[in-house]
Every structure is written in structure tokens, then in C-alpha cells.
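Here's the structure we're looking at; comments come further down.
Since every read-out is calculated from the coordinates, none of them should be taken as a lab result. All figures in this text were calculated on a predicted structure; none of them were measured in a lab. Because the Cβ atoms are built from the backbone with ideal geometry, glycine has one as well, and the counts that use them run over all protein chains shown.
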Amino acid sequence: MVTVLDGVAAGGGIAIAPVYRLGESRFTVKAKYTDNVNHEVSRLHDSFSLARRELTDLRRRAHQKMGEKAATVIDAQLAIAKDQSFEGEITDAIQRYSTTAAWTATQRIDHYLNVFKRQSGGADYYHARGLALQDFKKRLLAHLLDEELPDLAKLDHRAIIVAHQLTPTDIIRLNPHLVAGIVTDLGGRTAHFLVMSKEMSFPTVVDTKTVTEHADDDMVAIIDGTHGRVILQPTPQQIDQYQRLASRESARLRELGVLKHQDTVSADGHHFEVAANVALPRESDELATSGAEGVGLFRSEFLFLHQDTLPDEETQFQAYRKLLLAANNHRVVVRTLDIGGDKQLAQVPLERENNPFLGLRGLRVSLAYPGLFRTQLRALLRASAYGQLAIMFPMVATVDEFQQAQRMVDQEKNRLTQEGIPVGKEYEVGAMVEIPAAVAMADQLAQYADFFSIGTNDLIQYLFAVDRGNGQVASLYQSLHPAVLRAVKQTIDCAHAEGKWVGLCGEMATIPTAVPLLAAMGLDEFSVPLSQVLPVRSQIRRLKVRQLQPLIHQALAAHSPAEVRALVDQLTSHMK
């Protein structure tokens, strides 16, 4: 019987293949006392040591197969495995209560998992830590109980992976040539394993809730990673239909390649820029082949994260210089260090906060650690001599803090000039608009900033006071809600009134229904993941912006995202 399930589209494309159902780790650990405490302590230390070796090897393999960005996902578990105080805490409990290593480790880990669940603020951060700890718990118990973990390395034929939930370590062990696609019961667009699966371009559907209840090994399945649909035991007619869709998608991708060397101009002559979001210097090598018209967001914190020491001025300068040269005279927007919240630096010990997402993060950290900030500014200013650089401050809340940071840029420029070190003549300094206060004061902020870049991922969360990683309220994270559209429109209007340009670097820039709205509002730059550059450019080239103008007033006056979608679909249907 045909079973159709809907979930969250997390990786584009269509796959038709048999199912490979990954089993779950269900370790039963009973309360048990021991007469040989020393033996249990020794077993605990051996198991931690084995886990450290395995995770170190997995990180190395992740780096080789998928690059540094994917490899860093393993670091949270590796940090747990290397935490001597945590291992010592379990050791002390074994010695104090004379309980087995497996039981004691389970009790201590479950204690921390419950602590993470109870945290009222920074849910993304604590959720991520909880997932890493849960995955480490399974690895540790597998050694302590002499059990095997489910292993995707055992997959020996091309198949669609079906699982309750996947972890980053699961993804590393699979053979990418044998994976047609991935479907899970749990997860969302921000699931950590997706960082890796997207690097491999698997069609992926997550959060189906019940796929493991319906799918069996070798059952034929169709997954549509663009629309979030899974079909189990499809009819011959459905297989034919999706094979035709897959062929059309392949043809469309070939056609997109033609756009790489053309400007992004709408059907009625309006010019836009479609730039790339970049996290690592190595991704600069992909700029030329992606069709990106520059870099709309370089996340500079990835130069700092997971390093033993802070990168010095020269190291940063070389990374920024490489990126500017790769951009081939297109603009490169570098976001200054954005840590805090769920991104912590061991070298910058921030105080523990009850709600880190409303605490010391982004530009606030840079102003609190001026030495760290000035080193980065010097490196950026030196690199500005090699291309079109735009420096952007994250999490700007007030005009005063923007001006304070801007003065520090001017001071470092003057110092470099006095030292005889060349600095670019036309670099820009702008603000990331992702806090509602910045939207409210955009008219004043635009008087001082050279540009705005709207970070909708955080802006939407702060507008609705909703954590999109929290399943209980994730439905309130609505990119097309009129409240979001009003905030975006106000920001664009205030910038344009001062003659400044505006980009948008959040996930909203990739949503097909949002693109016509953003174009009609006058957004100057769309900044999207490298894989989305050509699809967005293709969509913009089909739009007639002047015909979309009446849509803006209607969308801003709508009551819900559903109304907005209906308006956009109605007006753009004839442009397709």
C-alpha cells in the first residue's frame, strides 16, 4: 500500500531507491553495585580513551571528505571526551558509591541532559550541547557494555537511509556513493547532521514524525527533498512521474550554468546582485564556479572557532586577502567576530549567562574586548588594499555602539597609514540589522552606516520571541509574516533615503515566495549559500519588478503568511 508522508525539505532533489533502515541504540543500564571499584574506574578511563581516539579519527575523516566546516560539528563531542573534569566527576562517583562505570556514567550524563532541557534561554545552544552529549553517551556506553553502535559503514548498496534521528558521526561513516537520500523522524533545518549532508548534496527530508514506523528494508521509496515529501511503496505511475521530474531538474541545472557570466537583471531591466554566504576561506575557491557576484557574508568567526590560539593579525590578513582576490573585484562583506550565544571561544572566556542569546554576543563582545577587535580591524584594513571590502558589525542595537566601533576603524586606519602600510581607499563600514531596535532606528543608523545587511534568521526570532530550534514554538518562526515584511521594508526605505544600499543574508533570501517581494521592495543584494546562487539569479531574471509593485502594499496589509503566499502565487504565476 502506498504511504505518503510530509516533512521538512532539507536538501533539494529527487531520489528513487530501496530503503535502508538504520537501527537505534537502545542500551539497557541497570543500577548495579561493584566490589571492584578500581576495575570499574579503569574501564571508564579505557572507554573515554577509546571514544577520544574514535572521535579524533572521525573528525579527521570529516575534514578530508567534507572540509573544515563539517569537521567542526564533531568538536562538541570531542570536547566532552577530552574534558578531564567531567571524566573525574564520574570517577569520583564510582569511588564514592561503589557503582558500576556504566550506571554511574548514565546517571551523570542524564543529569546534565536534564539541566540542558530546563534552560529557559539560549535554547539553540543548549539543544546543540544536549545532542552532542546524547551522542557521546551512546558511544561511551557501547564501550562499557561491549555493544555495537548502528553503523552506516555497513551499507553495501545504493539506498535511501531511513532513521529515527541521525548524528554527525553517522554521516561521516557512510559511503556517499551509496546514499541516494536521507529521511528521518526527527530533526529540522538546523539539525547538525545537515551541515554534513548538505556538503554531499543528498536529497533530504526530516521531521516526518513516523517514517520509521512505515518503512522496511528494501522497500522502494521516493523522496522529494525540494518539497519535503516521502512516498513509500509508490505505484509505477508515481515512479514514472518522479523520474520525469528528476530529468527536468537535471536539465534545469544545466541551463543555470549559462547564467554564471551574465548580470542579474529582471525581465523589465532592474539590476540586482546575488552574492554568496561564505564561512571558510577554502570556499573562496568555489566563488568563480558558483556564479556568485561577490560575497554578501563572510562569517569571520570560523577563523577563530576550534583553534588552540587566537589567529594573529597576519593569519587573518592572509585569509581576508585570499577571499578578496578570489572575488575578482566584486564586493566582499566580512562580518566581524560574531561569538556568544551558541558560538563560544575557549580563548575568550565569556561569563556564563542564563540567556546567552540576549547577552554578550556579536559587536558587544568586540567592544568588551577591544584588543581582539582592533587586531581584526587592522587585518581587514590591510586586506582592503586588494579588493572591494565591506566591514560589517553584527548585532548592532544602537547608533552609539555603531559609532564607537566606527571610530575604532578610523583609529586603526590612521595607525596603519602612519606605519606606511597601505589601506584601501574605498572600503565600506556597515551594520547587520538583526535586532528590532535597529529596525526602529534605521533612519538614524543609516546616516552613519555605509550599508545595511538584514540578518533575517535572528531578526525573525527576536521579532516573535521564538526559538526556531524549539519544536513547541517553531511554527511561529514565519519568514513571510507581514510583521517581518514590514521590518524589512522599513529598513530598505530608511537606507535608500540616505542613498545607502541594502543586502539580505538570511535564509529568507532563498525562499522562492519571498524573492519577488524582496525584489519589489528594492532590495539591492541577495546573499545566499553557494548552491543557491544560480537558482535565485534565475528566478530574478524571470520577474517583472514594476508589475510586482502593487503586491507590496497588499502583502504588508495581510494578516498571515498564508495570505502573503496566495498573493505572491497569484501575481507571479504568469511570469513563470
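Membrane-span-like helices of the chain, defined as complete DSSP H segments with a Cα extent of 27 Å or more along the helix axis and a mean Kyte hydropathy of at least 0.5, are absent. Charged neighbours of V230, selected by a Cβ distance under 9 Å, balance to -1 (K, R count +1; D, E count -1).
For L358 and A557, what does the FRET efficiency come to when R0 = 30 Å and r is the distance between their Cβ atoms, rounded to the nearest 0.05? Walk me through the intermediate numbers first.
Numbers: r = 31 Å, r/R0 = 1.04.
So, using R0 = 30 Å, E works out to roughly 0.45.
Simple point charges give the picture: +1 on the Cβ of Lys and Arg, -1 on the Cβ of Asp and Glu, and for the chain a dipole about the Cα centre of about 540 debye. Taking the helices alone, the chain has a mean residue ellipticity at 222 nm of -14500 deg cm²/dmol, built from -39,500 (n - 2.57) per DSSP H run of at least 4 residues and averaged over all its residues. Placing a pseudo-label 7 Å from each Cα along the Cα-to-Cβ vector at T235 and E213 gives an inter-label distance of 2.5 nm. A 21 angstrom limit on the alpha carbon distance is what I want to check against. Which of K82/K154; K32/K138; K32/K117; K82/K117; K117/K138 exceed it? Those over the limit are K82/K154; K32/K117; K82/K117. Grab the other residues whose beta carbon is less than 12 angstrom from that of A246, score K and R as +1, D and E as -1, and report the net. Surrounding charge for A246 is 0. Per-residue extension of 0.36 nm, minus the Cα-Cα distance of T56 and R546, leaves a gain of 170.9 nm for this segment. Of all aspartates and glutamates in the structure, those lying under 13 Å Cα to Cα from K413, and not within fewer than 8 positions of it along the same chain, are E426, E428. Between Y33 and K117, the C-beta separation translates, for a Förster distance of 30 Å, into a calculated FRET efficiency of about 0.55.
Work out, step by step, the length gained on full extension between Q447 and E147: first 0.36 nm times the residue separation, then minus their alpha carbon distance; give nm to one decimal. Before the final figure, lay out the partial values.
Numbers: separation 300, 0.36 × 300 = 108.00 nm, distance 6.35 nm.
This chain segment gains 101.7 nm when fully extended.
One chain, two ends: S531 and T289. Fully extended at 0.36 nm per residue, the span grows by 86.1 nm beyond their Cα-Cα distance. Simple spin-label estimate for Q84 and D400 gives 4.4 nm between the two label positions (7 Å along the Cα-to-Cβ direction from each Cα). Could you work out how far the C-alpha centroid of segment 500-576 sits from that of segment 87-116, in angstrom? Taking the Cα centre of segment 87-116 as reference, the centre of segment 500-576 is 53 Å away.
Under the simplified labelling scheme, the V258-A497 pair shows an inter-label distance of 4.3 nm, with each label point 7 Å from Cα along Cα→Cβ.
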